[in-house]
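Colleague: Got a structure for you, written out below as structure tokens; questions coming shortly.
The values are calculated or read from the model by the stated rules, or taken from the named source; none is laboratory data. This structure is a prediction, so every number in the text was calculated from the model and none was measured. Ideal geometry is used to build each Cβ from the backbone, glycine not excepted, and the neighbour counts take in all protein chains shown.
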Amino acid sequence: MNYKIVRLNTSAKEAITSSVLIIYTGGTLGMAYDATGALVPFNFGQILEKIPNLTNMHIAITVISFPEPIDSSNVNMQHWMDMAYIIYENYDTYDGFVVLHGTDTMAYSASMLSYMLDGLSKPVIFTGAQLPISAMRSDARENLMTSLEIATAKANGKPIVPEVCIFFNHMLLRGNRAKKVQSVHFDAFESENYPPLAESGIVIDYNYAAIKPFKEGAQLKYRNRVDNRVMVLKLFPGITKNVLDSCFAIKNLRGVVLETYGSGNTPSEKWFLQSLEKAIDKGIIVLNVSQCNGGRVIQGRYETSKDLKRVGVLSGGDITTEAAITKMMHLLAHDPDEEEIRRKLITPLAGEMSLTSN
């Protein structure tokens, strides 16, 4: 791909203390209003005009932009591979990385990169904005400035946040624990099942106990394969046998993330369990996640879910749908053994879920 590269001179008077690579994929943050009032991609060569305070950060900033900015609704497997590859190729050159991304699928991308960048020990901070950078009340400036500060933050010479995160509206969240929950307010993301990694105010208050520990000598591995023969099946009152059977009959389908009610509950009709059992018997992996933003799946807690484990449905515990479907796509592409895939799906790989015993 013909990436656009811009190097910014942010510190003319004082020495550069750290370096960050910004990867601009698209999204509202990188848009600006033209003379007609239409939104167009922003020229990052002029970013110092929009955010002059960047000159006070003493950071060497390089921006790599996708050839054509993408609406995050159009993000696909190749885009994930491109983002991860850029970080992998430039890993030794920069102290940290900031990914500018549209909010709609940011949690999916952050989750997938947490699996693809195996052995990561530097910050990868996803951020974006609800309003374009040129808007008067834009949240783009605060989100970008703080993301850059977090991406270069160190303690005792080591990165404070050596993992994939999302920073939005003063909150730093683990990327594979976050969900988009707002489309019209600045607090677009939440992490109901895991505490924030940091909160920015007058200072950035880091929650060190929640942050992934830095691993000395860790070697980054680029896991670049993805298998998209999966689907998310959301239960609803009135779902029929034909709907379920039709989904499980999709040609070459390998995995299903089943969004259930509450703590993992499903209809208890005989046909429902039979349809699940038939699908699992033919090799389709079914992972049970909750439709609720918070809480966790506990199979067997209620009468309606006690037979799920018996027929082979896996419990996703407190994993989000975004982290679950990307994890399934990742594991199906990298492990040929079905039992190993099933084991890893219910085991934390990158902090995406708590240990579960059900």
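Colleague: Go through segment 286-313 and count every residue that is under 16 Å from V257 (Cα atoms) and either under 22 Å from the mean Cα position of the chain (by Cα) or of a type in the set (S, T, N, Q) (or both). Write out each step before concluding.
Modeller: Here is the first cut: in segment 286-313, the ones under 16 Å from V257 (Cα atoms) are 286-293, 296-299, 305, 308-309, 311-313.
Among the residues that remain, those that are also either under 22 Å from the mean Cα position of the chain (by Cα) or of a type in the set (S, T, N, Q) (or both) are: 286-293, 296-297, 299, 305.
Qualifying residue count for the region: 12.
Colleague: Looking only at segment 196-207, which residues are in contact with a Leu (Cβ under 9 Å, 6 or more places away or on another chain) and not in a strand (DSSP E or B)?
Modeller: First pass over segment 196-207, keeping only residues in contact with a Leu (Cβ under 9 Å, 6 or more places away or on another chain): 196-200, 204, 206-207.
The answer is P196, L197, N207.
Colleague: Those residues that are without any contact (Cβ under 8 Å) to a residue 12 or more places away in the chain, outside any helix (DSSP H, G or I) and over 27 Å from the mean Cα position of the chain (by Cα), I need them from segment 229-254; list them, please.
Modeller: Within segment 229-254, the first condition is being without any contact (Cβ under 8 Å) to a residue 12 or more places away in the chain, and the residues that meet it are 236-238, 240, 242-243, 246, 249, 251.
From what is left, the residues that are outside any helix (DSSP H, G or I) are 236-238, 240, 249, 251.
Within segment 229-254, P237, G238, T240, A249, K251 qualify.
Colleague: Would you list the helices (runs of 4 or more DSSP H) that sit entirely within segment 255-358 and hold 1 or more residues that are more than 28 Å from A110 (Cβ to Cβ)? Steps first, please.
Modeller: Working: elements: 270-281, 306-311, 321-334, 338-345.
Answer list for segment 255-358: 270-281, 306-311, 338-345.
Colleague: Among (1) more than 28 Å from T17 (Cβ to Cβ); (2) touching a residue at least 40 places away in the same chain (Cβ under 8 Å); (3) not polar (S, T, N, Q), there is one condition L117 misses while meeting the rest; what is its number?
Modeller: For L117, the failing item is (1).
Colleague: Counting only residues that are surrounded by fewer than 19 Cβ atoms within 10 Å (Cβ to Cβ) and among the acidic types (D, E), which one in segment 120-169 is nearest to V20 (Cα to Cα)?
Modeller: E149
Colleague: Could you please find all residues in segment 195-228 being over 21 Å from the mean Cα position of the chain (by Cα) and among the β-branched types (V, I, T)?
Modeller: Once the filter is applied, which keeps residues that are over 21 Å from the mean Cα position of the chain (by Cα) and among the β-branched types (V, I, T), segment 195-228 yields I202, V203, I204.
Colleague: Looking only at segment 15-31, how many residues end up being assigned to a loop (DSSP other than H, G, I, E, B), more than 12 Å from T152 (Cα to Cα) and of a type outside the set (A, V, I, L, M)? Talk me through it step by step, then tell me what you get.
Modeller: Start the filter on segment 15-31 by keeping residues that are assigned to a loop (DSSP other than H, G, I, E, B), which leaves 15-17, 25-27.
Filter once more, keeping what is more than 12 Å from T152 (Cα to Cα): 15, 25-27.
Right, trim to of a type outside the set (A, V, I, L, M) and you get 25-27.
Matching residues across segment 15-31 total 3.
Colleague: Restricting segment 243-274 to residues that are among the hydroxyl-bearing types (S, T, Y) and surrounded by fewer than 19 Cβ atoms within 10 Å (Cβ to Cβ), which is nearest to I319 (Cα to Cα)? Lay out the reasoning, then the answer.
Modeller: Filtering segment 243-274 for residues among the hydroxyl-bearing types (S, T, Y) gives 246, 260-261, 263, 266, 268.
Those still in the list that are surrounded by fewer than 19 Cβ atoms within 10 Å (Cβ to Cβ) too: 246, 261, 268.
Details: S246: 26, Y261: 14, S268: 23 Å.
This residue is Y261.
Colleague: Applying the selection to segment 162-180, what residues are within 18 Å of L220 (Cβ to Cβ), touching a residue at least 60 places away in the same chain (Cβ under 8 Å) and in a loop (DSSP other than H, G, I, E, B)? First the steps, then the outcome.
Modeller: Here is the first cut: in segment 162-180, the residues within 18 Å of L220 (Cβ to Cβ) are 162-165, 175-176.
Filter once more, keeping what is touching a residue at least 60 places away in the same chain (Cβ under 8 Å): 163-164, 175-176.
Residue satisfying the conditions is E163 alone.
Colleague: Restricting to segment 339-356, what's the tally of residues that are of a type in the set (D, E, K, R) and touching a strand residue (DSSP E or B) at 6+ places or on another chain (Cβ under 7 Å)? So that I can check it myself, show each step before the final result.
Modeller: If we filter segment 339-356 for residues that are of a type in the set (D, E, K, R), which is where we start, we get 339-340, 342-344, 352.
Then keep just the ones that are touching a strand residue (DSSP E or B) at 6+ places or on another chain (Cβ under 7 Å); that gives 342.
Within segment 339-356, residues that are of a type in the set (D, E, K, R) and touching a strand residue (DSSP E or B) at 6+ places or on another chain (Cβ under 7 Å) number 1.
Colleague: Does T240 satisfy the criteria of being surrounded by fewer than 19 Cβ atoms within 10 Å (Cβ to Cβ), at pLDDT 95 or above and either hydroxyl-bearing (S, T, Y) or out of contact with any strand residue (DSSP E or B) (no Cβ under 9 Å at 6 or more places or on another chain) (or both)?
Modeller: Numbers: surrounded by fewer than 19 Cβ atoms within 10 Å (Cβ to Cβ): yes; at pLDDT 95 or above: yes; either hydroxyl-bearing (S, T, Y) or out of contact with any strand residue (DSSP E or B) (no Cβ under 9 Å at 6 or more places or on another chain) (or both): yes.
For T240, the condition - surrounded by fewer than 19 Cβ atoms within 10 Å (Cβ to Cβ), at pLDDT 95 or above and either hydroxyl-bearing (S, T, Y) or out of contact with any strand residue (DSSP E or B) (no Cβ under 9 Å at 6 or more places or on another chain) (or both) - is met.
Colleague: In addition: In this structure, does V99 turn out to be under 19 Å from T28 (Cα atoms), of a type in the set (A, V, I, L, M), assigned to a strand (DSSP E or B) and out of contact with any Gly (no Cβ under 7 Å at 6 or more places or on another chain)?
Modeller: On the way: under 19 Å from T28 (Cα atoms): yes; of a type in the set (A, V, I, L, M): yes; assigned to a strand (DSSP E or B): yes; out of contact with any Gly (no Cβ under 7 Å at 6 or more places or on another chain): yes.
Considered against the rule, which asks whether it is under 19 Å from T28 (Cα atoms), of a type in the set (A, V, I, L, M), assigned to a strand (DSSP E or B) and out of contact with any Gly (no Cβ under 7 Å at 6 or more places or on another chain), V99 comes out as yes.
Colleague: Could you please let me know if V226 is in contact with a helix residue (DSSP H, G or I) (Cβ under 9 Å, 6 or more places away or on another chain) and part of a loop (DSSP other than H, G, I, E, B)? Walk me through how you get there before you give the answer.
Modeller: On the way: in contact with a helix residue (DSSP H, G or I) (Cβ under 9 Å, 6 or more places away or on another chain): yes; part of a loop (DSSP other than H, G, I, E, B): yes.
Spelling it out, V226 is indeed in contact with a helix residue (DSSP H, G or I) (Cβ under 9 Å, 6 or more places away or on another chain) and part of a loop (DSSP other than H, G, I, E, B).
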